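Engineer: Let me begin by handing over the structure; questions about it come next.
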Amino acid sequence: MSTFKQLQEIMASALELPTDAIRESSTMEEIEEWDSLGHVHIMVALEQAFDLYMDVDDFAELDSVPAILQYLAAENAA
Amino acid sequence: MKIPDNQFEKLLALQSAQEIKSFLALRSMVPSLQQAGKLRQHLVSTGMAKPLRLGIVHTYTSELLDPWLHFTAALDQLSLNVYHAPYGTTVQEATAGSGLARHKPDLTLLMLTREDLHPALQTPAACINATERQEITEQALQTLGGLVRQFRDTIAGHILVTVLPAQNSPGLGLYDAMAEQSEAQWWNAIKAGIATDLREGLSGVSFLDMDQLVMQVGRDNFFDSRLWYSSVFPFAPDGALAVSSAVTSVAASLLLTKAKVIVVDADNTLWGGVIGEDGMDGIALGPEHPGRAFVDFQKRLLSLQQRGFILALCSKNNPDDLNEVLLNHPHQLLKNEHFAAQRVNWLPKPDNLQSIAEELNLGLDSFVFVDDSDYECSAVRHSLPEVDVVQVPARPTEVPVCLDALARLEIVSLTAEDLEKTAMYAQERMRRTQREQLSNTGGSIDDYLRSLNMTMSVRLDDASSVTRLAQLTQKTNQFNLTTRRYTEKELAGMITSKRFFVYHFSLADNFGNSGIVGLAIVEQSAANTARLDTFLMSCRVIGRMAEQAFLSRIMSNLRARGIEELSADYIPTRKNVLVETFLPDNGFQETGEGSYTTRVDSSAGDPGEDFPITIEGPDQDEHI
């Protein structure tokens, strides 16, 4: 499964949305359910799915699908 | 740690919430957030769920718990509808028009911090001397008691109080255990005070000790300092799951049909191996592995008995072989007197369960069946779907905790009756023997009843028994005219109300005292008329004319209060056909579908005289 597909499933599950609501270009601003609570759920789910330990100061910057994908690539998590 | 994929596939193949829950519990597996979401969807599609309305009042972020709460609710066969009070409001929610009140919660969860109880509880404590501690403790208890009382007075449903445990080790570090100024010891004393205040002063309120949950998953796995400092949410995923699981378990024990009986198999359940083949020396039961696990499981069963559950034994064995273990095995803890009923024979287990249900006068939906065999478990699941089936794990090391995950075995109160229940069933066995002996020598039922020397003690508006009375309305299904369920709070309200008369009785005889086994609630509708709202009796005193004696004493008490007419109704359920004709049999005239009435002043004769029971009370001044 591509990293995006994995991310799509994780985010859809965390935000309780259908998978196709998450697009490769989605940002926190566009998706109503992606609020500050939803964001914490995405971060926790990412850590568990990719076996990561994330710095809390990075949370705020990971506010779009491209930003998260870039982060995962940099962490060699994908 | 998330569950490995191969194990997760196995989980998704399981059909019942019960099986999924034990699978997770036995392997100490914690699903990831994503896995919890998938499991929840799977559970929602397979099972029937009962709605749970949860209200949360919190002084730290609680909304992030939601996915975990939805998941553990689904595991407990509940469908969750949760309300979070606005951040920073507590007492404001304890008002009739608040969001919380409008949510009509079945359960209100108070999530407080130590600081909420007293600011000093969040500061280094080594310099606070004993006198100051005493003062701080008293103030903290007063603050909490006052807050909880406000919720109790304004919000219906059960209340669950929690206080967030310390996120860090004590100020004095490892030396705390030795220190005169120990923070841990002080906190334990405060918790004991909270428990005492809630238990003795308030009904329908429980305290959930989160420290136990910290011990279960470990402090490092329970808290996440990143989320605490960034979002004021203290819990790491394992902690969030542990908290959610405890909360929904309490809800399940309040909302689901109460479990009452645990029926256990013997071979590979109470001990390892098969007594008929391996013999006394061959079965695994004793201080060596694997026998120790089975000794521990028996201890666990004894604890469950002390929680108020009745134990019964159902085993395919030669009775002599099995009895030999019960009587003479040096490490067998469960003896004949611990089992309220026994079926040791070669009949199909579903038949045996049915006959145990008849003997104990309890519904099969209050049964938990514990057996190691695939065959027996599926036979019972198939023929008696209302019975909760727990399969004993094949690995002895997993056996001792195999009943721990069952929410229906959690309790929110413990009464004297609970502690003595099995003894009461043992007394009932002795009564049966006496009855058979009398019958063999030509004695009548009346001779038998008179030989028991029964004394009934009737009490009116007895606030000290409110826990037991609420429990009776919750648990009694068969001998119950209206099956109206009441919480402790509702009953406490009726007891203090002038309009309601709450009668209960207990019954003593040569063999023992039954404790409180009958309840009647009468509502006065006018100066000379009243309505029988509730009339119920525990099945363990059926067949002793106690119901007639109780009704007759209530009638004479009402007559003395000027009541001339008593109306009553019979609301049929799947289970209360036993009392279908109780009202007409006792002089009530039918006035409509299920509605009855009787003249109170026309009841003939001196009540008490016709019964093989001496009736005492109620004292006339008991009505508040």
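The values are calculated or read from the model by the stated rules, or taken from the named source; none is laboratory data. Because the structure is a prediction, the values reported are computed rather than measured. Reconstructed Cβ throughout: ideal geometry from the backbone, glycine too, with neighbour counts over all protein chains shown.
Engineer: Filter the stretch B:190-225 for residues that are out of contact with any Ser or Thr (no Cβ under 9 Å at 6 or more places or on another chain) and among the acidic types (Asp, Glu); which is farthest from B:HIS158 (Cα to Cα)?
Structural biologist: B:ASP220
Engineer: Then there's this: Yes or no: B:ALA293 touching a Ser or Thr at 6+ places or on another chain (Cβ under 9 Å) and in a helix (DSSP H, G or I)?
Structural biologist: Criteria met by B:ALA293.
Engineer: Here's a check for you: in the stretch B:42-58, which residue that is closer than 24 Å to A:VAL44 by Cα and at pLDDT below 95 is surrounded by the fewest Cβ atoms within 10 Å (Cβ to Cβ)?
Structural biologist: B:VAL44
Engineer: Hey, could you check the stretch B:548-578 for residues that are β-branched (Val, Ile, Thr) and not in a helix (DSSP H, G or I) and say which is nearest to B:ASN528 (Cα to Cα)?
Structural biologist: B:ILE563
Engineer: Could you please let me know if B:LEU285 is surrounded by fewer than 19 Cβ atoms within 10 Å (Cβ to Cβ), of a type in the set (A, V, I, L, M) and at pLDDT 95 or above?
Structural biologist: no
Engineer: Still on this structure, please answer the following. With a cut-off of at least 3 residues that are in contact (Cβ under 8 Å) with a residue 12 or more places away in the chain, name the helices (runs of 4 or more DSSP H) lying wholly within the stretch A:27-76.
Structural biologist: The helices (runs of 4 or more DSSP H) meeting that bar are A:36-50, A:65-74.
Engineer: Counting only residues that are under 26 Å from B:GLY88 (Cα atoms), over 15 Å from the mean Cα position of the chain (by Cα) and more than 14 Å from chain A (Cβ to nearest Cβ), give me the helices (runs of 4 or more DSSP H) lying completely in the stretch B:206-257 with at least 1 of them.
Structural biologist: Once the helices (runs of 4 or more DSSP H) in the stretch B:206-257 are filtered for at least 1 residues that are under 26 Å from B:GLY88 (Cα atoms), over 15 Å from the mean Cα position of the chain (by Cα) and more than 14 Å from chain A (Cβ to nearest Cβ), what remains is B:210-217, B:219-222, B:237-255.
Engineer: Would you check which residues across the stretch B:25-53 are under 20 Å from B:SER253 (Cα atoms) and more than 14 Å from chain A (Cβ to nearest Cβ) and list them?
Structural biologist: B:ALA25, B:LEU43, B:GLY47, B:MET48, B:ALA49, B:LYS50, B:PRO51, B:LEU52, B:ARG53
Engineer: Looking at (1) aliphatic (A, V, I, L, M); (2) part of a helix (DSSP H, G or I); (3) more than 12 Å from the chain's Cα centre (by Cα), which is the one condition that is false for A:LEU17?
Structural biologist: Every listed condition holds for A:LEU17 apart from (2).
Engineer: Got a sec? Which of A:LEU17, A:LEU37 is in contact with a Leu (Cβ under 8 Å, 6 or more places away or on another chain), aliphatic (A, V, I, L, M) and within 14 Å of another protein chain (Cβ to nearest Cβ)?
Structural biologist: Working: A:LEU17 fails: in contact with a Leu (Cβ under 8 Å, 6 or more places away or on another chain).
Answer to the check: A:LEU37.
Engineer: If you don't mind, there's one more thing I want to ask. Regarding the stretch B:14-25, can at least one residue be identified that is assigned to a helix (DSSP H, G or I), of a type in the set (Gly, Ala, Ser), farther than 23 Å from B:MET215 by Cβ and out of contact with any helix residue (DSSP H, G or I) (no Cβ under 7 Å at 6 or more places or on another chain)?
Structural biologist: No.
Engineer: Does the stretch B:340-352 include one or more residues that are part of a strand (DSSP E or B), closer than 12 Å to B:VAL263 by Cα and within 23 Å of the chain's Cα centre (by Cα)?
Structural biologist: Checked the stretch B:340-352: at least one residue is part of a strand (DSSP E or B), closer than 12 Å to B:VAL263 by Cα and within 23 Å of the chain's Cα centre (by Cα).
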